[in-house]
1. Go through the stretch 406-420 and give me each residue that's in contact with a Pro (Cβ under 9 Å, 6 or more places away or on another chain) and either part of a helix (DSSP H, G or I) or under 17 Å from Ser43 (Cα atoms) (or both).
2. Just one of (1) under 19 Å from the mean Cα position of the chain (by Cα); (2) closer than 30 Å to Gln320 by Cβ; (3) in contact (Cβ under 8 Å) with a residue 40 or more places away in the chain trips up Thr418, so point out which.
3. Right, Arg351: over 22 Å from the mean Cα position of the chain (by Cα), on the phi < 0 side of the Ramachandran plot and crowded, with 21+ Cβ neighbours inside 10 Å or not?
4. Among the residues of the stretch 162-189, how many are farther than 21 Å from Tyr264 by Cβ and among the polar types (S, T, N, Q)?
5. Any idea which residue in the stretch 158-182 is surrounded by the most Cβ atoms within 10 Å (Cβ to Cβ), counting only those that are aromatic (Phe, Trp, Tyr) and part of a loop (DSSP other than H, G, I, E, B)?
6. Residue pairs, Cβ under 6 Å, 6 or more apart or interchain, first in the stretch 312-324 and under 12 Å from Leu274 (Cα atoms), second assigned to a helix (DSSP H, G or I) and among the hydroxyl-bearing types (Ser, Thr, Tyr). List them.
7. For the stretch 297-336, how many residues are touching a Gly at 6+ places or on another chain (Cβ under 6 Å) and either closer than 20 Å to Ala363 by Cα or not assigned by TED's automatic domain parsing to the domain that holds Gln104 (or both)?
8. Might you let me know whether the stretch 319-340 holds any residue that is at pLDDT 95 or above, of a type in the set (Val, Ile, Thr) and surrounded by fewer than 23 Cβ atoms within 10 Å (Cβ to Cβ)?
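The values are calculated or read from the model by the stated rules, or taken from the named source; none is laboratory data. Every value quoted in this text rests on a predicted model; they were computed, and no experiment measured them. Note: ideal-geometry Cβ built from the backbone for every residue, glycine included; neighbour counts use all protein chains shown.
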Amino acid sequence: MNLIKDPFSRRTFVSGAAKSFLGVSAMSVLGGKAFAVPGQEASKVKQVATAHNVIYLYMTGGMSHLDTFDPKPENKEVMGLTKTIKTNVDGIQLSENLPLVARQMDKIALIRSMFSTQGAHEQGQYYQHTSYTLRSSIRHPSMGAWLEKFQGRGNPTLPGSVMIGNDSRHPGAGFFESRFAPLMINDPEAGINNVKTNQWFTEERFHDRLSIAKQLDKQFAETYNVKNVRAYADMYDDALKMMKSEELKAFDLSNEPDALRAKYGNDRFGQGCLLARRLVEHGVRFVEVSFGNWDTHNANFTRVPELCDELDSALSTLLQDLSSRGMLDNTLVVLATEFGRTPEVNANDGRDHHATGFTTLLAGGGVRGGQVYGATDEGGKKAIDKPTSIPDFNATIAYALGLPLDQVLYSPSKRPFTVTDKGKPITEVFA
């Protein structure tokens with residue numbers, strides 16, 4: 001039985017079996033025993049968590065800060081065709097492309113002094129999600145994996161984290177066990193595929209096939225009794241729990257009123273935000289919704305308003321919806337992107353990659369709304385007031401969740417890592 005003895009063939013077989021039997025696929029299965037030691041150079045700041053959940057909205061492609069959250073009304077050359085509007089907070093202006101979000105500014109803290117060391121998409125996205133630079137030798141965990149690793153799941157029958165959107169390069173569980181990887185959902189309206197069996201596929205047939213799978217697993221698992229292999233058993237168990245859980249109704253958007261669904265926006269991002277709210281209600285603690293592409297090298301002043309139209313409806317409705325349900329106080333809403341866009345407008349009426357100054361935002365989860373933290377210069381080119389690195393921003397999220405910023409966990413190669421790479425939380429943004 002070479003299939004049983006060969007770990008690479010075995011890995012391929014088990015992954016295929018999981019898809020066939022259970023409709024569930026695993027991400028990277030990497031292990032390694034974790035040990036905790038005092039962190040060095042990491043922030044030792046601790047607090048009681050102000051947020052229990054996170055809804056993380058990721059703008060893929062590099063969102064233009066100048067045409068959204070950091071306009072420069074006095075600099076017509078930089079702004080081009082984009083104009084500014086007032087918000088419901090005196091002294092804070094946004095782009096005219098976000099009129100609905102402008103009415104929710106009292107719930108939002110803008111971080112206008114972000115900067116990154118990564119100016120390319122893949123590297124920048126990885127850095128934003130992990131606080132570590134992309135390396136070929138290791139895969140770092142994302143924030144949802146760190147949260148589940150330290151604090152466990154909110155609902156034992158649902159995933160600890162969910163990723164909504166087509167992002168095959170998401171870091172996932174990194175070097176943690178595969179059970180810490182997010183459940184990936186491409187279409188929020190389609191829910192989870194393959195959790196219900198066909199009529200011909202009876203419960204008896206299901207258990208027969210599962211029994212065969214376990215028999216095939218047995219010899220291999222006994223021969224290679226290591227964390228990497230045990231992770232597959234965890235995957236099966238988690239899949240079975242989810243398939244039988246009544247909490248699967250959380251993924252069914254048809255239970256929401258048509259009027260509310262329309263208010264979020266009849267597009268994948270809007271419906272993804274609505275699904276994120278439902279999942280958080282049912283105990284999923286970290287939900288990411290990706291949206292883009294914001295890579296506006298061409299036709300920036302045409303494309304950004306189109307993207308903002310979807311963002312404006314979804315984000316403003318999400319904040320209102322969470323607030324009206326009493327959920328905003330313990331749910332941290334994050335909007336992030338890998339970098340901004342250049343103040344200079346190129347020959348194609350577009351803006352290029354720009355990592356030295358851009359904007360992210362936080363809302364809810366103990367964050368004081370109606371504020372701006374930091375600033376870029378008058379042209380929006382560089383963060384000059386309270387410069388905030390990617391690890392600092394991620395440390396702020398971890399701080400809100402009450403994660404230990406200085407606790408070290410070791411990768412399989414015995415290299416030490418903390419939840420953010422020497423990041424210092426921005427404690428001033430909290431109420």
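1. Restricting attention to the stretch 406-420, the residues satisfying the condition of being in contact with a Pro (Cβ under 9 Å, 6 or more places away or on another chain) are 406-410, 417-420.
Scanning the stretch 406-420 gives Asp406, Gln407, Val408, Leu409, Phe417, Thr418, Val419, Thr420.
2. Failed condition: (2).
3. Details: over 22 Å from the mean Cα position of the chain (by Cα): yes; on the phi < 0 side of the Ramachandran plot: yes; crowded, with 21+ Cβ neighbours inside 10 Å: yes.
Taking the combined requirement at face value, the residue satisfies it.
4. Selection size over the stretch 162-189: 2.
5. So in the stretch 158-182, the residues aromatic (Phe, Trp, Tyr) come out as 175-176, 180.
Cutting the leftovers down to part of a loop (DSSP other than H, G, I, E, B) gives us 175-176.
Numbers: Phe175: 23, Phe176: 25.
So the residue we want is Phe176.
6. Ala314/Tyr264; Thr317/Tyr264
7. Total meeting the criteria: 7.
8. No, the stretch 319-340 contains no residue that is at pLDDT 95 or above, of a type in the set (Val, Ile, Thr) and surrounded by fewer than 23 Cβ atoms within 10 Å (Cβ to Cβ).
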